[in-house]
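See below for the structure under consideration.
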Amino acid sequence: MVEIKNLTKKYGSHLAVDNISFTVKQGEILGFLGPNGAGKSTTMNILTGYLSATSGEVSVDGFNILDNPVEAKKKIGYLPEQPPLYMDMTVREYLDFVYDLKGVKEERDEHINKICETVQISHVADRLIANLSKGYKQRVGLAQAMIGNPEVLILDEPTVGLDPKQIIEIRSVIKQLGKEHTVILSSHILQEVNALCERVIIINKGKLVASDTPESLAKSISNVNKFQVRIAGEERKVLDVLEPIKGIKYLKSLGRKEANSIDFILEAEPDTDVRIPMFYALAEAGLPILSLELTELSLEDIFLEVTKGQGGKIFEEVDESEIDFVNQSAEETEESMEESVAEAEEGAEQ
Amino acid sequence: MNKKFRYSLNSKAFIIGAIIVVLLLNAILITLNGKIALEIDFTEDQIFSLTEESLNIVDQIDKPTEILILTMGEDNETLSMVRNVLENYRQRNDKIDIREVDVIKNPAEVQAYMEEIAYLSVNSLIIRQGDRHETVNAKEFFTSGEYGQFSYVERLTSAKLASFVDGVNISRIVYTTGHGEAASSVMTGVLERDGYQTGQLDILTEEFPEDTKTVVVINAPQQDFATEEISKLDKYLVQGGNVQIYFDPRVPALPNLEKYLAEDWGIIRNNHVILDVNNMVENELFMVAQIGEHDITNPLTESQKRAGYGPANSLSVSPEKPATVIIDTLLSTQDSAYAKESLEKMMEQGELQKMAGDTEGPFDILVAATRETGNVDYDIFTGRLVVSGSSYIFNEMAQDTRFANEDIMLNSINWMNGGNASLTVRIKQLPTGSMIVSRGQFWMWFAILVVVVPLAILGAGLTIFLKRRYK
Amino acid sequence: MKAIYQRELRAYFKTPVGYIFLSAYIFFASLLFALINLQGQNTNMMGFFSNVGMVFVFVIPVLTMRLFSEERKSKTDQLLLTAPVRITDIVFGKFLAASTVLAIGILATMLFVPIMELYGTPLIAQTVIGYLGLFLMGLFFVALGMFMSSLTESQVIAAVSTLAIIFFLWVFGGLSFRFSEIITGTFGFLGKTLDWLMNFISIQNRLYDFNLGTLNIVPVFYFVSLAGLFIFLTIRVIERRRWK
């Protein structure tokens, strides 16, 4: 359905996308995973014809985005990172405009109303977009992408900046959509991709790092061996109990977070579950476990996991740059943080 | 291929090329502007096209005729304007050829006209046909009018061209002397420029001309005419002569002259002073007249120009008008005009506004009359007379380009000459299209247009903005 | 193109922009009309036309500043450029919408003609040609303003730069209109070149032909070709940005 061949994009001398190739089959939900600044948005912008590639080809349902832009774009619904909303329009006016813009053939009211129901914005249809909350704006953006029933939906970070409830809602909508559409979804959150996608592509620094099913990806990182535990009791005592337990590779106290309890970070040896011995040992010592939760793996962790060669298909380039890879992605995260701060300031000025 | 085309369309070279092509085309057109005919004339009076009168003359040129434009090798605005005008002549008649002669580079070309050239300024014209030639001095192009230059060039050129056409006779205009008549150099200047001969006539000692191509003008006489002068005048008119009499409203009574006009022509001069402050033009003592229907004035009603008059006597038709006389009104006042008893009375009152006791208008101020007389051989002669209640109409005001008075004067001379094959090319100006708006009406529209409408639009915008803002 | 045209046109009238433009233009035009024609008791609108051009210098940037700047700023250009429409359609849609608002303004001030009809005889053909000249000049300004708007994300920069360029063309060219003879007389050949150049860029000289009531191919081509050029340049700017 979507075919990308040797895609490269340069901004001046900076290589934003470096020779990426992949295909997306009809009906597939593809996750596009990578840290901020990895080239996800650039790739998606090229896919949708907003930007032109420096070299390489993109075709959608056989139509080349450069040679046949109008035909190719007809097949695509795009939700960019920042939903392209006209703040001075009402939701209904906006969707009507998108309907006209895309030259949709279906019956207008029926089509638009159906989409509004799907993303649950019917009750705000007559409100000014500027006055909507971020979550609703995101939904209007999604509705916009859905207008004309495009065969391919391209969603760039559809849940970023939303609160947890909104994230859950949007995810369920996307899951719904995946039943009828080919979806390409970008995210920097593993769980999101895991939950929604049939296949995941990982991209970093403009390069394709891995391409796999979430199952094998999950498998590679399923060895739940890093967690945070809260234990009632004194730190010294707890340490005395825990230290002798076999398989604990790393243990660190995080200090007091709740009265009369201590939080610890705990990491086990691979392929070892230390939770059961830990439970009995603590119970015996009269130190009750108040909570136990798996630490969310950062994307960097996943990359580390993936690139360690456990289950994932690994690209050579990654192996070479494995060592400084984590550092760099951390730097980039910092960079993008600065960017977003700068943006926020800019916004404040207006 | 498609992609290649896209790339080339986007290349810098292509974009710069497009910019250069557009600028170049414009540069060429702007440079050509004025040199070739690139325009359609939509002005009310078609001021940038030749008049019927010119075309009539141009059409009668049947021998090769060359018009030389004398230049000093430099381009200037006047030259392009002259070219523009003459181009119209060439397009109309292929016997006419236009050529520019650089008098510095090619003095030999104009050797034969050296004597005249000494008096001519740059851009002057020499019109030659066979071994005859006429000159048009470019100094005259600027006599008046901001937008009327086209017309002046045309008028002068056509006037000189006319001398190469058989059957267009040059008329003579003679001014009577001996009664303190005004010597209007303004008027004679205008007439001479247009190809008329002017002269003087002392009625007491000299005889009236025999031909009917002469117009005798009695311009603002201060003293009355003697009885034998009146009978000479009448004799001239009986033969089919042409006379124009302009009264000076400051002069009280001219019993003999007025008696003659009243009895023989049925035209009465009423010696009061007409004013109309409501129709004054730009606060001068010039007022806007109503233009009557007549061969003399009909061309004006089309051109939208206003005719004006200064303080004037009114003219009326005597109930005992002879049946052989036909009188037509050329100009009359607006309905709002009124007449003060006399100039002295007005000065005494020191008031221009209408007062109790003033006679109410409207009044006639300029009339044209014809009288048919027969002799024993049953030949019929038509004497033509134009009488003006105000000498201002054809003196001071004839040169005022705001008014059509000059046209009326020239048209009346044409009319006296039989009206056809007219020599004079009417000067056309961009029309000033008059409009009478009272103070009250002005402020009403000012309030509506400048205040109410913009505020209403702004208010509508604000309402919609605020309404939507909280949606 | 129709969708973009409609949205853009509605945006003018659902935000204050269209009203501000119309009300400012009608205010100044009416002021000129009242003072020149009503007070001067004169139905010849030449004086009106040569002055109202200056009003355009100041109000057209209001009309054009947001055309592309705002799209880029709010990222809505991503919607337009990824929709199945050609860039040419997007640019023309916006140009036509701004031109429509301009035309509404000009048509509104054409009501001056029937007002004059009440009190005198308007010179209809000549006046209509004058309005036509005004409209064509406006199209050129709109295209120029749209181009400036495509270069920057800031509406203010777009408006100010448009104003500065038009003002320069108007004033610098205007010098030639008034002082041509002095300039050529004083500075010889250099002066002549300068004068030619000033005449070449002079908007007032182009507009003057219309004001006289003549439909001359030179100024018609001047305004239309320059409007076309700036529309073309706008398309190229947007196209090229994708390749950056």
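The values are calculated or read from the model by the stated rules, or taken from the named source; none is laboratory data. No experiment lies behind these values; they were computed from the predicted model shown. Cβ coordinates were reconstructed from backbone atoms using ideal geometry, including for glycine residues, and neighbour counts include every protein chain displayed. Surface areas here come from the heavy atoms of the whole protein model, side chains and all, with no ligands, DNA or RNA. Shrake-Rupley method; radii C 1.70, N 1.55, O 1.52, S 1.80 Å.
Observations, loosely collected:
- Residue check for residue C:14: free of Cβ contacts under 8 Å to residues at least 40 places away in the same chain and under 22 Å from residue C:156 (Cα atoms): yes
- Picking from residues in segment B:126-154 that are in contact with a Lys or Arg (Cβ under 8 Å, 6 or more places away or on another chain), at pLDDT 75 or above and not hydrophobic (A, V, I, L, M, F, W, C), the one that is most open to solvent (accessible area, probe 1.4 Å) is B:130.
- Filtered residues of segment C:203-244 (kept if among the small types (Gly, Ala, Ser) and at pLDDT below 80): C:213
- Pair list, Cβ < 8 Å and 6+ apart or interchain, from segment A:31-55 residues that are more than 12 Å from every other protein chain (Cβ to nearest Cβ) and without any contact (Cβ under 8 Å) to a residue 60 or more places away in the chain to residues that are among the hydroxyl-bearing types (Ser, Thr, Tyr) and outside any loop (DSSP other than H, G, I, E, B): none
- The number of residues in segment C:120-136 being closer than 22 Å to residue B:449 by Cβ, touching a helix residue (DSSP H, G or I) at 6+ places or on another chain (Cβ under 7 Å) and part of a helix (DSSP H, G or I) comes to 8.
- Among residues of segment A:77-104, those that are facing chain C (nearest Cβ under 7 Å) and touching a residue at least 60 places away in the same chain (Cβ under 8 Å), counted: 3
- For segment B:431-451, filtered to residues that are at pLDDT below 80 and surrounded by fewer than 22 Cβ atoms within 10 Å (Cβ to Cβ), the residue that is nearest to the other protein chains (Cβ to nearest Cβ) is B:435.
- Inside segment B:322-354, residues that are modelled with pLDDT of 80 or more and over 32 Å from the mean Cα position of the chain (by Cα) make up a count of 3.
- Among the residues listed as C:114, C:122, the single one being over 22 Å from the mean Cα position of the chain (by Cα), open to solvent by less than 10 Å² (accessible area, probe 1.4 Å) and within 14 Å of chain B (Cβ to nearest Cβ): C:122
- Single residue of segment A:54-72 satisfying the filter (open to solvent by less than 40 Å² (accessible area, probe 1.4 Å) and touching a Phe, Trp or Tyr at 6+ places or on another chain (Cβ under 9 Å)) that is farthest from residue C:239 (Cα to Cα): A:72
- Cβ-Cβ under 6 Å pairs, at least 6 apart or on other chains, segment C:69-98 side over 20 Å from residue A:104 (Cβ atoms) and open to solvent by less than 30 Å² (accessible area, probe 1.4 Å), far side in a helix (DSSP H, G or I) and among the aromatic types (Phe, Trp, Tyr): C:97/C:5
- Residue-level check: of (1) in contact (Cβ under 8 Å) with a residue 24 or more places away in the chain; (2) within 30 Å of residue A:202 (Cβ to Cβ), residue A:172 misses just (1).
- Applying the criterion of at least 1 residues that are open to solvent by 20 Å² or more (accessible area, probe 1.4 Å) and either under 30 Å from residue A:257 (Cβ atoms) or modelled with pLDDT under 80 (or both) to the strands (runs of 3 or more DSSP E) found wholly in segment A:154-239 leaves A:207-212, A:226-232.
- Within segment C:229-244, considering residues that are assigned to a helix (DSSP H, G or I) and among the charged types (D, E, K, R), the one surrounded by the most Cβ atoms within 10 Å (Cβ to Cβ): C:236
- Taking segment B:187-242 as the range and being modelled with pLDDT of 80 or more and open to solvent by 70 Å² or more (accessible area, probe 1.4 Å) as the test, the residues that pass are B:200, B:204, B:205, B:206, B:207, B:222, B:223, B:227, B:228, B:235.
- Subset of segment C:209-228 (residues that are open to solvent by less than 20 Å² (accessible area, probe 1.4 Å), among the hydrophobic types (A, V, I, L, M, F, W, C) and more than 8 Å from chain B (Cβ to nearest Cβ)): C:210, C:223, C:227
- Residue among A:100, A:67 that is over 30 Å from the mean Cα position of the chain (by Cα) and part of a helix (DSSP H, G or I): A:100
- Test result for residue A:105, closer than 19 Å to residue C:73 by Cα and either assigned by TED's automatic domain parsing to the domain that holds residue A:177 or within 28 Å of the chain's Cα centre (by Cα) (or both): no
- Which listed residue is in contact (Cβ under 8 Å) with a residue 24 or more places away in the chain, touching a Lys or Arg at 6+ places or on another chain (Cβ under 6 Å) and hydroxyl-bearing (Ser, Thr, Tyr), from B:333, B:359, B:324: B:324
- Counting only helices (runs of 4 or more DSSP H) that sit completely within segment C:1-88, those holding 1 or more residues that are away from chain B (no Cβ under 14 Å) and over 23 Å from residue B:469 (Cα atoms) correspond to C:2-14, C:46-64, C:77-82.
- Qualifying residue in segment C:129-145 (condition: within 13 Å of chain B (Cβ to nearest Cβ), β-branched (Val, Ile, Thr) and either within 20 Å of residue C:210 (Cα to Cα) or free of Cβ contacts under 8 Å to residues at least 60 places away in the same chain (or both)): yes
- Test: residue in segment A:3-21 that is open to solvent by less than 40 Å² (accessible area, probe 1.4 Å), free of Cβ contacts under 8 Å to residues at least 40 places away in the same chain and facing chain C (nearest Cβ under 8 Å): no
- Matching residues, segment A:56-76, being at the interface with chain C (Cβ under 9 Å from one of its Cβ atoms) and among the small types (Gly, Ala, Ser): A:72
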